[in-house]
1. What number of residues within the stretch 248-279 are buried (at least 24 other Cβ atoms within 10 Å of the Cβ), closer than 18 Å to Asp440 by Cα and either out of contact with any helix residue (DSSP H, G or I) (no Cβ under 7 Å at 6 or more places or on another chain) or not assigned by TED's automatic domain parsing to the domain that holds Pro349 (or both)?
2. Hey, can you tell me all the residues within the stretch 1-20 that are over 19 Å from Val300 (Cβ atoms) and at pLDDT 95 or above?
3. Any idea which of Ala423, Ala466, Ala407 is surrounded by 21 or more Cβ atoms within 10 Å (Cβ to Cβ), more than 22 Å from Gln236 (Cβ to Cβ) and either under 18 Å from the mean Cα position of the chain (by Cα) or free of Cβ contacts under 8 Å to residues at least 60 places away in the same chain (or both)?
4. Given the conditions (1) closer than 18 Å to Ile13 by Cβ; (2) at pLDDT 95 or above, and given that Glu87 satisfies all but one, which numbered condition is not satisfied?
5. Hey, can you tell me all the residues within the stretch 342-354 that are under 16 Å from Gly11 (Cβ atoms) and touching a Lys or Arg at 6+ places or on another chain (Cβ under 9 Å)?
6. Counting only residues that are touching a residue at least 60 places away in the same chain (Cβ under 8 Å) and crowded, with 23+ Cβ neighbours inside 10 Å, which one in the stretch 37-46 is farthest from Phe384 (Cα to Cα)?
7. Scan the stretch 419-472 residue by residue and report those that are within 19 Å of Asn350 (Cα to Cα), touching a strand residue (DSSP E or B) at 6+ places or on another chain (Cβ under 7 Å) and part of a loop (DSSP other than H, G, I, E, B).
Amino acid sequence: MISKLLIANRGEIACRIIRTARDMGIATVAVYSDADARALHVRSADEAVHIGPSPAAESYLVGEKIIAAAKQTGAQAIHPGYGFLSENAGFAQAVIDAGLIWVGPKPSSIEAMGLKDAAKRLMRAAGVPVTPGYEGEDQSVKRLKSEADAIGYPVLIKAVAGGGGKGMRKVDSAEDFLSSLESCRREAKASFGNDDVILEKWITSPRHIEVQVFGDSRGNVVHLFERDCSLQRRHQKVIEEAPAPGMDEATRQDICAAAVRAAKAVDYEGAGTIEFIADASEGLRADRIFFMEMNTRLQVEHPVTEEITGVDLVEWQLRVASGEPIPLKQEELSINGHAIEARLYAEDPNGGFLPSTGRLDHFDLGTEGRIETGVEEGDIISPFYDPMVAKLVVWGESRSEAIDQLADIAESVEIWPVKTNAAFIANCLREADFEGANLDTGFIAAKIETLVSSDEAGDAIWQSAADFVALADTEQNEDLPIGLRLNAPSVLGATLHHRGETRFISAARATTAADATGFVDPKHAVVFAGGQSFVFERQSRGSGAAAAGGGAILAPMPGKVIAVDVADGDTVTAGQRLMVLEAMKMEHALTAPFGGTVTDLNASEGGQVQVEAVLCVVEPNLK
């Protein structure tokens, strides 16, 4: 058995691996960048090694530094987690060549499934059904456009080396193909160093179904049933569950058997996931489920599989990497109950889901369910990495029980001043079609207007803030934040300022919302309700720096300018793209709010900008 393990990752997955390793008596080594010097995974490990500056390309993605850290600390093995180098066959081979144990599949398996075009050809040969499309070597724009026209729109463009929703575009019409291809290739090149793509027919009523597989060095392969990951936004998973609702036993046996064939076709070892796309227009049927790709690593959503099977997949990874067989046979595995996971992101749904960064001055995820996180109160959400704050996981005897549990947890999230999608998660779970398992990957896009809660503070929220301030004043304890619950008696009131409005409110009126919590400090009153935070300034102080008025185009987050489409003096129309920012591995287009003339252009391609920097101004056309 491995005695010392280096985790080549960060955040919640590093913490999760450390927890299992400790339970197994395995010493752990963390690696960290400048930004993560005081991160939770560093504090949790037995040892920690600094590997470079904050950008991942200069630290977590530099395989030589990670291998050197393992050698320096005497670690026998390297676990890559997910993301970063987890599916890099070259790094896996370098680990092995250095005389270390690679906790993952063989490099040849990663290579075989790493490119979507080659993987689809391999799966066809193995008798696994694949989605109709084009995965040829001719990558000329002319050929790709011709193939897309022949497949018929809508069509999906996917980077062959893609993952996590990066390098993927749905194209609804021939007129949009070339611009979508350009954007997809640019993102793929930046994320994966490879801008080759494949094309797939867009499936009507698509559901994302995936099967957890596990292999060992003795040729054994088992499946641990399926997960449904259909709730996605911009191809990134938001909510995952196991088992898939509406999956009958015959269909389950067929899809899981196909997944095992796929794993055996590449002589697979360790944890992996076979991803399928299902045409659910007539329910889940085996003849309408097609192979998409294989993830040759542990998945973000692996906890839901653990919850329904009682298996610790990280423990299995470490045992199999140490040369042991898979701990259980297929007939010893079964489904128990239902599990759901939601990805809590540091992002602002009311601001177009742009990333939210900064210090977690208040951070409370409660004590219910299974919380997987890599941060604690006082930690920093950095602009350098993925914005996931935590995974909220629950298990229930039934799907409806699990839904209720997870929605309650999401609505109780208390995070400030960083914004999160907690209320959005709760709204997804409470939506009637989700509760009725009427799902497909277009669920969120179709219902987005109803799923994003208003961030305007209603009367009950104002009242809650006044109650908190009044109670704090009566207790004469304003020097420290005070956690409060509503309906405490008070005869006072408070003058509060919120988003340009000032009110005096008497405390303890009947309109107080009984399910809100919050705290006060000398400057603020913060109310948490329904998964959102509402901040009020005390004693009628101003609301801070005014937003730039008129047509000023502000940077919505710190990032890098990767494209500038206009110049000073250009005439633009409403909605026209002005420039593109890249932050947290995603592209964000900034558009003109109305027709006018571009002035005061302060952005250039390749430049770094800070949040709320004025990038240019659009002077409106006056008639």
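1. Residues in the stretch 248-279 being buried (at least 24 other Cβ atoms within 10 Å of the Cβ), closer than 18 Å to Asp440 by Cα and either out of contact with any helix residue (DSSP H, G or I) (no Cβ under 7 Å at 6 or more places or on another chain) or not assigned by TED's automatic domain parsing to the domain that holds Pro349 (or both): 1 in total.
2. Once the filter is applied, which keeps residues that are over 19 Å from Val300 (Cβ atoms) and at pLDDT 95 or above, the stretch 1-20 yields Ile2, Ser3, Lys4, Leu5, Leu6.
3. Only one candidate passes the filter, namely Ala466.
4. Only one criterion in (1) closer than 18 Å to Ile13 by Cβ; (2) at pLDDT 95 or above is unmet by Glu87, namely (2).
5. Listed by number, the residues that qualify are Arg343, Leu344, Ala346, Glu347.
6. The extreme case among them is His41.
7. Those that are within 19 Å of Asn350 (Cα to Cα), touching a strand residue (DSSP E or B) at 6+ places or on another chain (Cβ under 7 Å) and part of a loop (DSSP other than H, G, I, E, B): Lys419, Thr420, Asn421, Ser453, Asp455, Ala457.
Here's the yes/no breakdown for (1) closer than 30 Å to Ala407 by Cα; (2) at pLDDT below 90:
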residue: Ala508; (1), (2): yes, yes
residue: Ala529; (1), (2): yes, no
residue: Gly542; (1), (2): no, yes
residue: Ala545; (1), (2): no, yes
residue: Pro556; (1), (2): yes, yes
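The values are calculated or read from the model by the stated rules, or taken from the named source; none is laboratory data. A quick note: this is a predicted structure, and the numbers were derived from the prediction, not measured. Cβ: placed from backbone, ideal geometry, glycine included. Neighbour counts: every protein chain shown.
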